[in-house]
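First the structure, in the form of structure tokens, and then the observations on it.
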Amino acid sequence: MADTQQQEEELNFNFSAIDSEALAKIDYKMVTFNLAGKDYGIDIMTIREIARGDRFTYVPNAPDFVRGVYNLRGEIISIIDLRRFFGLEPQESSGPENILISRIGDNTLGIIVDSIDKVVGIDSRAIQPSHPLFADVNVRYIYGIVEKDDRLYIILDINKIFGDHHDAENLSAGEPSAASSFQAETQAAPADAPALAEVQAAPAAEKIQAEAQTAPAAEKKEAPDKAQTPETPYVYSRRTGQLWDDELVKAFSAIVPPKKSGYLHIWNPGCGKGYESYSLACAVLEAGIQAVPKIYAQDNDFAALSAAPGLSFNPDEADSIIKKHLVESPSGWRMSSEVKNMVIFEYRDLANKHVFPGLDMVVARDVVSFLKPEARDNFYAELKEMAQPGVILVLGDHEKRPMDENAWQPLTANGLSVYKKI
Amino acid sequence: MRIDYINPFVESAFSVMAEVLGCEVKRGEIYLKGSTQTIGGIATIVGLAGSVEGRVLLDMDNKTALNIASAMNGEKLTEIDDLVKATITELANMITGHAVTRLHDLGFKFDLTPPAVITGENMRIHDIGVEALIVPMEMPIGMVEINVAIKERG
């Protein structure tokens with residue numbers, strides 16, 4: 001960085017004012033556009049051209065977001081309506097539509113958006129991962145967020161849009177919930193509604209924290225097992241990705257099993273960066289049980305998990321109960337060692353079997369809805385095997401009913417989805 | 001596998017191999033597996049005990065084993081004999097020992113068990129109730145997979 005400073009000084013010598021941004025490198029350019037009042041961007045390297053058109057040839061039995069096919073100077077390409085693709089309110093179109101022609105490899109796709117803006121260059125380092133609160137568009141398709149010139153752009157992952165469009169096309173809409181031979185093969189297979197925890201909204205979004213940068217052996221990333229066309233975006237539980245507020249802490253401490261001796265084993269799959277696990281630990285301490293609590297916080301997102309043991313917080317954003325457990329350290333405010341010793345962060349893939357030394361409570365919020373069938377089956381199998389009567393299970397706020405309904409009794413608990421093993 | 005254990009193993013594998021073999025070592029992406037098909041050839045297994053239960057496995061094919069043993073002994077070896085096996089075992093010991101030392105500094109106390117060498121083609125490793133973390137190490141002289149499975153003790 002000394003070089004940059006020197007450069008800055010030299011330049012300052014010659015010019016009156018230097019925009020420090022000019023020294024940031026521009027290594028990512030995106031075509032920006034507007035959709036339903038928000039600014040989006042797509043990597044320019046994938047955009048071939050821009051077109052305006054309105055004569056699309058209808059394709060029967062295609063998913064509803066496919067407007068048809070279009071003749072682009074002799075080449076026939078599919079046109080998708082991004083509003084419908086994302087499950088947003090469709091807009092009555094009057095006249096020619098604005099289309100981004102995107103190409104990846106041999107595949108070309110036309111994407112209809114509200115209006116196309118301009119090319120914006122940014123420093124790729126400035127791209128931030130998407131925030132859970134941004135989930136009005138399916139989070140799965142968001143590559144990241146970046147701010148430039150006072151505007152916030154949501155950068156879309158065009159590969160995912162291509163991929164899902166492909167799968168959806170291959171599946172050919174028609175009977176979305178019919179159990180067909182496709183189900184076993186394609187990832188875009190519709191969710192098995194009866195067997196699964198029923199979700200109020202079709203879980204089309206991928207788990208936010210599952211943006212693993214450490215790539216790819218087959219089992220690594222748990223892609224969503226989702227309905228083929230997104231109906232409504234998935235609604236995450238309260239305080240996902242954040243420390244809990246007092247109300248949520250109290251709601252949880254009320255349901256912690258009051259074990260008197262030994263260890264209290266809590267399984268917390270899908271812990272992500274650890275906000276939930278630490279909050280849960282504080283709630284358990286608040287409950288004041290006598291057994292020694294141990295929380296097994298697990299995730300297959302290595303990047304998020306690596307940050308968890310050393311996670312630092314802003315004490316001003318913490319509510320009173322959790323704030324009690326924060327201590328100041330040279331590297332920021334952290335959880336007290338009492339809390340940290342309670343939580344064991346583990347890197348694991350739910351598709352693989354794992355043995356626990358006894359299980360008293362399971363906190364799996366917004367996890368089951370996002371598991372691939374193999375992982376989900378294994379999860380339920382482990383649960384069935386290890387949960388003795390009395391074990392408490394907490395699912396996401398909008399997840400209802402564990403698979404084996406007769407084995408779990410629902411408890412009313414302050415807006416939480418809580419069940420007790422019978 | 002506990003996140004705190006992962007880096008010490010990855011770093012140790014990397015630094016020991018780079019130092020001992022004197023060649024370029026590239027670390028592949030780590031991943032988890034429920035059961036593993038080994039590369040086939042030679043595998044060395046070192047047990048872990050203490051506050052955890054588990055094992056570390058070093059997995060490579062015969063050609064790579066010969067290259068490694070040759071580099072470590074300073075002479076060209078052509079057959080998988082006792083010297084080669086002992087050398088590979090030594091490498092496994094070094095990597096595991098190095099990792100355990102680092103873990104000790106972090107407050108985790110592990111013990112090692114004496115290593116064993118297994119030879120054969122198409123070997124399959126299956127762990128019960130614990131996943132294995134695979135760290136692929138790629139070098140000009142061949143590829144080695146570090147295969148670690150650790151479980152907390154009740």
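If you look at just the Cα atoms of the range A:256-407, how large are its Rg and its Dmax in Å?
Final numbers for Rg and Dmax: 15.6, 51 Å.
Rank A:Arg83, A:Arg103 by accessible area, highest first, at a 1.4 Å probe radius? Before the final figure, lay out each step's value.
Details: A:Arg83 30, A:Arg103 90 Å².
The ordering from most to least exposed comes out as A:Arg103, A:Arg83.
Largest first, what is the accessible-area ranking of B:Glu79, A:Glu382, B:Glu90 with a 1.4 Å probe? Each step should come with its number before you reach the end.
On the way: B:Glu79 125, A:Glu382 5, B:Glu90 90 Å².
Solvent-accessible surface, decreasing: B:Glu79, B:Glu90, A:Glu382.
About the Cα centre, and with charges only on the beta carbon of Lys, Arg (+1) and Asp, Glu (-1), how big is the dipole of the range B:4-141? Nearest 20 debye, please.
Once rounded to the nearest 20, the dipole reads 100 debye.
Rounded to the nearest 0.05, what FRET efficiency is calculated for B:Glu53 and A:Ser124 with R0 set to 25 Å and r the Cβ-Cβ distance?
Numbers: r = 43 Å, r/R0 = 1.73.
The pair B:Glu53/A:Ser124 has a calculated efficiency of 0.05.
May I ask you to rank B:Lys151, B:Lys76, B:Lys109 by accessible area, largest first, using a 1.4 Å probe over the protein chains only? Mind showing how you got there, number by number?
Values: B:Lys151 55, B:Lys76 165, B:Lys109 120 Å².
Descending order: B:Lys76, B:Lys109, B:Lys151.
Sticking with the crude label model, points 7 Å out along Cα→Cβ, report the distance from B:Asn122 to A:Asp404 in nm, one decimal please.
3.7 nm
Note the count of lysine pairs whose C-alpha atoms are less than 27 angstrom apart in the range A:292-380, limited to pairs 8 or more residues apart or on different chains.
Details: A:Lys294/A:Lys323; A:Lys294/A:Lys324; A:Lys294/A:Lys340; A:Lys294/A:Lys353; A:Lys323/A:Lys340; A:Lys324/A:Lys340; A:Lys340/A:Lys353; A:Lys353/A:Lys372.
Lysine pairs, 8 or more places apart or on different chains, close enough: 8.
Can you give the average number of partner chain beta-carbon atoms within 10 Å of each beta-carbon in peptide B:24-37, as a whole number?
Working: counts 0, 0, 0, 0, 2, 8, 6, 12, 10, 6, 8, 2, 0, 0.
If you average over the peptide's residues, the count of other-chain Cβ atoms is 4.
Can you pull the percent of Cα pairs in the range A:340-422 with separation above 20 Å?
Working: 1104 of 3403 pairs.
Counting every Cα pair in the range A:340-422, those more than 20 Å apart make up 32 percent.
For the range B:1-85, restrict the atom set to alpha-carbon positions and state the Rg and Dmax in Å.
When restricted to Cα atoms, the range B:1-85 yields Rg and Dmax of 14.5, 41 Å.
How large is the accessible surface of B:Glu152 in square angstrom, using a 1.4 angstrom probe and rounding to the nearest 10?
For B:Glu152, the solvent-accessible surface is approximately 40 Å².
How large is Rg over Rh for the range A:25-103, taking Rg from the Cα atoms and Rh as the Kirkwood inverse mean of 1/r across Cα pairs?
Working: Rg = 13.6 Å, Rh = 13.9 Å.
Ratio of gyration radius to Kirkwood radius for the range A:25-103: 0.98.
Can you compute the helix-only [θ] at 222 nm over chain B? Use -39500 (n - 2.57) per DSSP H run of at least 4 residues, normalise by all residues, nearest 500 deg cm²/dmol. Mind showing how you got there, number by number?
Numbers: 3 runs with 55 residues, N = 154.
So the helix-based figure for chain B works out to -12000 deg cm²/dmol.
Per residue of A:292-300, what is the mean number of Cβ atoms on other protein chains within 10 angstrom of that residue's Cβ? Walk me through the intermediate numbers first.
On the way: counts 0, 0, 2, 0, 2, 1, 3, 1, 3.
The shielding value for this peptide is 1.
Report Rg(Cα)/(2.2 N^0.38 Å) for the range B:91-151, keeping two decimals. List each step's numbers first, then the result.
Numbers: Rg = 13.5 Å, N = 61, 2.2 N^0.38 = 10.5 Å.
Compared with the compact-globule rule of thumb, the range B:91-151 sits at 1.29.
Could you check how much of the accessible area of the range B:29-154 is carbon and sulfur, as a whole percent, using a 1.4 Å probe? Let's see the in-between values first.
On the way: 2810 of 5520 Å².
Heavy-atom surface of the range B:29-154 belonging to carbon and sulfur, 1.4 Å probe: 51 percent.
Which value in nm describes the separation of the simple spin-label points at A:Val235 and A:Lys25, placed 7 Å from the Cα toward the beta carbon?
4.5 nm
Evaluate E = 1/(1 + (r/R0)^6) for B:Ala86 and A:Tyr58, where r is the Cβ-Cβ distance and R0 equals 60 Å; express this FRET efficiency to the nearest 0.05. Write out the running numbers ahead of the final one.
Working: r = 73 Å, r/R0 = 1.21.
Given R0 = 60 Å and the Cβ-Cβ separation, E is 0.25.
Any chance you could look up the accessible area of A:Lys340 with a 1.4 Å probe, heavy atoms only, rounded to 10 Å²?
70 Å²
The values are calculated or read from the model by the stated rules, or taken from the named source; none is laboratory data. In this text, all values refer to a predicted model and were calculated from it rather than measured experimentally. Please note: Cβ atoms are built from the backbone with ideal geometry, for glycine as well, and neighbour counts cover all protein chains shown. Surface accessibility is based on the protein's heavy atoms, side chains included, excluding ligands, DNA and RNA. Shrake-Rupley method; radii C 1.70, N 1.55, O 1.52, S 1.80 Å.
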